[in-house]
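Peer 1: Handing you a structure now.
Where a number appears in this text, it was derived from the coordinates with a stated rule and is not lab data. Just so you know, these numbers come straight off a predicted model, no measurement behind them. Neighbour counts run over all protein chains shown; Cβ positions are idealised from the backbone, glycine included.
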Amino acid sequence: MKSELGFGITRLLNIDLLPRIKRINKVRLYRPATGEPSAYPNLAPALTRPIKWDVIDHNYDQVIKYATAIRTRTASTEAILSRFTRSASHPAYQAMLEIGRAQRTAFVARYLSERDLQREIEEGLNVVESWNAANAVIYYGKGGEVSTNRREEVKMGALCLRILQASLVYVNALMLQDVLAEEEWDDRLTPADRRGLTPLFWTHVRPYGKSAWTWGHAWQLEHRPTRQGAPERVGSPPW
């Protein structure tokens, strides 16, 4: 049900939700209309009841009101969802679920028929999972777990992690920028290669051992004049 609600909310916000559904073979597909029990024989084992379009139609204005509140930030998503969870029979909640069921059915059909979409989702998730692994490396104290319930300490830990993440991305971006400034890469990298570039890598990070620091001197990457079409340099890290 959470999956259906997520698809419903993102559809109303005009966001194309592209999740990886682990047990996609267990997903039930909703029929678009009644009176067509044999219209999709190859999908028969996965099909269930038709979408209740009348529920969506009767509560559409209310659903749009909630979606607008989320978009304009006059109400938080959590506040709206908590209202729904207190009353699962809320008409707007039921309408949002039906929208989500229709959207999820359309997404599954796209996912199963488009190999490019499958690759895009898998590649994006690989980057995110790799970055989550990086958090375990740079935030390794006490196994990366927050062992206190004190609000200020939890907030401080989260802010420190953000600083580490931002610093790592900043340095990585500078290193990529320095390498890509070399003209030999112009003909070697395809547009697809360039789209795949990301500063979210961390295999060069060494959390243990000795590190030699020269305080008071900035680490200068080799300066090269910016070529036409190349991104401007953003400077060197201040350490």
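Peer 1: Please grab the % of Cα pairs in the range 81-160 that end up more than 21 Å from each other.
Peer 2: That tail contains 63 percent of the Cα-Cα pairs.
Peer 1: Just to confirm a number: summing +1 for Lys and Arg and -1 for Asp and Glu over residues other than A44 whose beta-carbon lies under 15 angstrom from that of A44, what do you get?
Peer 2: After counting each charged neighbour, the total is +2.
Peer 1: If I model a spin label at A173 and L17 as a point 7 Å from the Cα along the Cα→Cβ vector, what separation in nanometres do I get?
Peer 2: For A173 paired with L17, the spin-label model returns 3.0 nm.
Peer 1: What ³J(HN,Hα) values, in whole Hz, does the Karplus curve 6.51 cos²θ - 1.76 cosθ + 1.60 give for the range 126-138 when θ = phi - 60°, with x put for Gly and Pro?
Peer 2: With the stated coefficients, the range 126-138 comes to 4, 5, 5, 5, 5, 5, 4, 5, 5, 4, 5, 7, 8 Hz.
Peer 1: For the range 2-113, what percent of Cα pairs sit more than 22 Å apart? Please list the in-between numbers first.
Peer 2: On the way: 2209 of 6216 pairs.
Of all Cα-Cα distances in the range 2-113, 36 percent exceed 22 Å.
Peer 1: Label points 7 Å out from Cα along the Cβ direction at D116 and R86: separation in nm?
Peer 2: A separation of 4.7 nm, rounded to one decimal place.
Peer 1: For q = 0.17, 0.26, 0.30 Å⁻¹, what log10 I(q)/I(0) does the range 40-91 give under the Debye formula with an equal point scatterer on each alpha carbon and no solvent?
Peer 2: -0.69, -1.02, -1.15
Peer 1: Of K2/K26; K2/K155; K22/K65, which pairs sit farther than 23 Å apart, going by alpha carbon to alpha carbon?
Peer 2: K2/K155; K22/K65
Peer 1: Taking the alpha-carbon distance from K210 and a cut-off under 27 Å, which lysines remain once sequence neighbours fewer than 8 residues away in the same chain are dropped?
Peer 2: Cα-Cα hits under 27 Å: K142.
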